[in-house]
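For reference, the structure is listed below as structure tokens.
The values are calculated or read from the model by the stated rules, or taken from the named source; none is laboratory data. Small disclaimer: the values here were computed from a predicted structure and weren't measured. Glycine gets a Cβ as well: all are built from the backbone with ideal geometry, and neighbour counts include every protein chain shown. Ligands, DNA and RNA are stripped out before the accessible areas are found, and what is left, the full protein with its side chains, is counted by its heavy atoms. Shrake-Rupley method; radii C 1.70, N 1.55, O 1.52, S 1.80 Å.
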Amino acid sequence: MPHTHCGRVRIYWEDQGHGEPLLMIMGLGFSMKMWQNLRPLLAEHFRTIVFDNRGVGQTDSPLAPFSMRTMADDAAAVLDAAGVDSAHVFGVSMGGMIAQELALEHPGRVRKLVLGCTQCGGPLAEPPSPEIRRILSPLTMASRAHRTEALVPFIYDPHTPRERIDRDLEVVRRNPPHILGYLFQLGAIVAWRSYERLPQIRQRTLVIHGESDRLVPPSNGHLIAARIPASRLVILPQASHIFPTDQPGLTMRYLLEFLKS
């Protein structure tokens, strides 16, 4: 199976499909296997490149904290390993933060940029509600599956069929993050911010957000889109934080319209 390195960390990655390269970056604590529903559809149109962020899945978990910039360097190392000079980049949640950092620090590597259910960090980003923070706080050291189950009402739309949600939760149960890796990813999110730098992003950008997202409220999508010059904002109805599960058809429609235009 393909691996590459960024410094001393060994990174696991895969590719599937043919066409223009599309690098897909997953969010906090999730393995790349959470792309299970969307990736096969996108692979019909693009060469999809996915990887496990440091601290999860088959990628190493360092014993020391790391930054969002380091995770963006990991993403660039994956492109190197795939033999790709530049790619479209699609990141969700924390993966959207990594994607922003990649576009800012490695602008030549990014063609078009898709930022899903993400934020810019710092004091201007709207945080989750106090209710969600109360749920998360005592569960920080609990299993990822336990945390995710407790968060289901806040990250999935009420209209989403439970069987779709259960398929996601099964992936989470089978691919838990390393405890330290999860905490270090969380620390990287807390320490990171991009608001002041967002106008430097020159790539055409699609900002896509679920209307009922209670973990990363949609005002964050509005804020990011207002700061990136060549951006378009799409707010998906009846979709929350895990919008590809809530609205798979609409997600594919907007991705293909944007990436193929």
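From the list 14, 44, which residue is open to solvent by 10 Å² or more (accessible area, probe 1.4 Å), closer than 25 Å to residue 204 by Cβ and either at pLDDT 95 or above or polar (S, T, N, Q) (or both)? Answer to the selection: 44. Being under 17 Å from residue 189 (Cβ atoms) and part of a loop (DSSP other than H, G, I, E, B) holds for only one residue in 69, 54, and it is 54. Mind checking which pairs have a first residue in the stretch 229-243 that is at pLDDT 95 or above and a second that is in a loop (DSSP other than H, G, I, E, B) and among the aliphatic types (A, V, I, L, M), Cβ under 7 Å, 6 or more apart or different chains? Qualifying pairs under 7 Å: 241/215; 241/216. Step by step: first the residues of the stretch 113-134, then only those that are open to solvent by 20 Å² or more (accessible area, probe 1.4 Å) and in contact with a helix residue (DSSP H, G or I) (Cβ under 6 Å, 6 or more places away or on another chain), then the one that is nearest to residue 206 (Cα to Cα). Which residue is that? Filtering the stretch 113-134 for residues that are open to solvent by 20 Å² or more (accessible area, probe 1.4 Å) and in contact with a helix residue (DSSP H, G or I) (Cβ under 6 Å, 6 or more places away or on another chain), the one nearest to residue 206 (Cα to Cα) comes out as 119.
Taking the options 38, 28, name whichever one is surrounded by fewer than 24 Cβ atoms within 10 Å (Cβ to Cβ), under 14 Å from the mean Cα position of the chain (by Cα) and within 19 Å of residue 186 (Cβ to Cβ).
Working: 38 fails: within 19 Å of residue 186 (Cβ to Cβ).
When all the criteria are applied, what remains is 28.
With respect to being over 20 Å from residue 36 (Cα atoms), within 17 Å of the chain's Cα centre (by Cα) and without any contact (Cβ under 8 Å) to a residue 40 or more places away in the chain, residue 123 falls outside the description. Of all the criteria given as (1) open to solvent by 10 Å² or more (accessible area, probe 1.4 Å); (2) among the aliphatic types (A, V, I, L, M); (3) in contact with an Asp or Glu (Cβ under 9 Å, 6 or more places away or on another chain), the one not satisfied by residue 76 is (1).
I need a count of the residues in the stretch 79-99 that are part of a loop (DSSP other than H, G, I, E, B), in contact with a Gly (Cβ under 9 Å, 6 or more places away or on another chain) and either at positive phi or buried (at least 22 other Cβ atoms within 10 Å of the Cβ) (or both). It would help to see each step written out before you state the result.
Residues of the stretch 79-99 that are part of a loop (DSSP other than H, G, I, E, B), as a first pass: 82-86, 93.
Subset that is in contact with a Gly (Cβ under 9 Å, 6 or more places away or on another chain): 85-86, 93.
Then drop every residue that is not either at positive phi or buried (at least 22 other Cβ atoms within 10 Å of the Cβ) (or both), which leaves 93.
Number of matching residues: 1.
Every condition in (1) crowded, with 18+ Cβ neighbours inside 10 Å; (2) out of contact with any Gly (no Cβ under 6 Å at 6 or more places or on another chain); (3) of a type in the set (A, V, I, L, M) holds for residue 63 except the one numbered (1).
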